[in-house]
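Take a look at the structure set out below.
The values are calculated or read from the model by the stated rules, or taken from the named source; none is laboratory data. Because the structure is a prediction, the values reported are computed rather than measured. Here Cβ is always computed from backbone atoms with ideal geometry, including for glycine, and neighbour counts include all displayed protein chains.
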């Protein structure tokens with residue numbers, strides 16, 4: 001491994017210069033680790049293996065370091081848990097479970113969790129992950145407000161590949177949000193990594209339960225109705241809802257449901273319908289929003305999971321089809337972003353390939369079709385004319401290069417797992433003004449729970 005003598009970043013052996021400050025790189029063993037006395041851990045090895053070279057970030061759960069695994073000679077991110085977190089048995093169990101589950105997950109688009117153990121000599125718990133260069137989707141949205149269609153399609157396609165494989169293994173993420181999607185820049189476009197499986201719901205037989213029945217796990221802006229109610233029947237379709245809410249935010253710049261606090265956000269999720277994204281984006285959006293996207297997200301955000309889009313793969317494909325792309329998400333996940341942009345420009349001019357019909361809210365949304373039991377409703381298709389799409393955006397920066405004007409280290413792995421998150425200060429759009437009559441009793445019941453203190457919320461934070 002090589003290291004920058006100025007900033008102490010770590011790079012592969014074939015790297016020549018530091019992209020952050022331009023300094024010539026040297027062998028890491030020849031670069032002394034600067035320690036100004038503010039952090040005595042710098043320069044030390046934890047578990048006689050993980051050398052800590054620089055501080056990356058501080059979070060609510062611990063301090064994150066960039067380092068080198070001396071056994072494998074690889075670049076790593078090490079999160080040393082704060083003392084109060086290390087005393088929390090449930091928090092420790094969640095970190096341990098993520099490490100254990102990580103070995104069962106495919107890692108093409110899921111961050112690798114390499115180790116979780118205690119250094120007895122230092123008296124600390126540490127979580128070790130692969131090191132990622134890039135930034136979280138949350139920071140990108142704060143800076144750019146909305147994303148270009150080609151970037152959205154490629155991102156969703158890669159997330160779908162990772163999540164569908166996890167769902168096939170009966171793991172439900174339960175905390176999908178922009179903070180947990182990490183975009184690594186490459187010459188061909190973003191390479192997405194899904195973070196934080198610490199709140200995963202393991203639906204395998206005899207799986208250990210860490211959540212008390214009726215407790216709500218997740219971040220409220222992206223929470224499915226069944227998750228908001230703490231229902232044990234929650235399954236992979238809750239992740240579909242969350243990814244649809246993220247897509248809505250990427251398209252419009254605002255979340256689909258809003259509120260001043262957790263309970264009010266959950267009440268909006270249960271009782272409101274979001275404004276169609278093509279309308280929410282306004283008359284002159286930065287990136288055109290096809291009207292076909294309204295139907296795609298309406299089905300994906302359906303309150304009844306039996307009506308909702310069945311898989312994240314189907315959602316990713318439907319979004320691409322709404323932009324006029326032919327094929328499915330697996331092809332788009334590996335397609336260069338510049339090529340995607342060109343195809344989307346041509347596709348939007350032609351109109352959408354597939355768009356599900358709007359839900360019939362006059363019918364009972366919880367009623368399954370006759371003779372089908374609880375089988376999901378298969379939407380019909382329709383054609384809709386979409387607005388002309390503008391020129392494709394500038395190609396993304398190459399791998400390992402800093403993102404412009406973020407004011408933040410792009411080599412940050414600070415998005416390591418957490419167990420709570422204050423999300424009330426995130427941008428939020430106005431919820432829809434209409435609500436189906438069948439939800440009134442649900443709203444009343446939820447309000448009673450809130451007033452009585454019966455709704456337990458557990459939010460995840462770094």
Sole exception among (1) under 15 Å from residue 156 (Cα atoms); (2) buried (at least 23 other Cβ atoms within 10 Å of the Cβ); (3) modelled with pLDDT under 95 for residue 319, by number: (3)
Check every one of the strands (runs of 3 or more DSSP E) wholly within the range 175-273 and list those with 3 or more residues that are at pLDDT below 95, in contact with a helix residue (DSSP H, G or I) (Cβ under 9 Å, 6 or more places away or on another chain) and on the phi > 0 side of the Ramachandran plot. none
Within the range 174-196, residues farther than 14 Å from residue 244 by Cα and touching a strand residue (DSSP E or B) at 6+ places or on another chain (Cβ under 7 Å) come out as 179, 180, 182, 183, 184, 185, 190, 191, 192, 193, 194, 195
Quick one: would you say residue 90 is in the same structural domain as residue 44 (by TED's automatic domain parsing) and closer than 26 Å to residue 240 by Cβ? no
Residues satisfying the stated conditions in the range 164-177, i.e. in contact (Cβ under 8 Å) with a residue 60 or more places away in the chain, farther than 22 Å from residue 229 by Cβ and surrounded by fewer than 22 Cβ atoms within 10 Å (Cβ to Cβ): 164, 165, 169
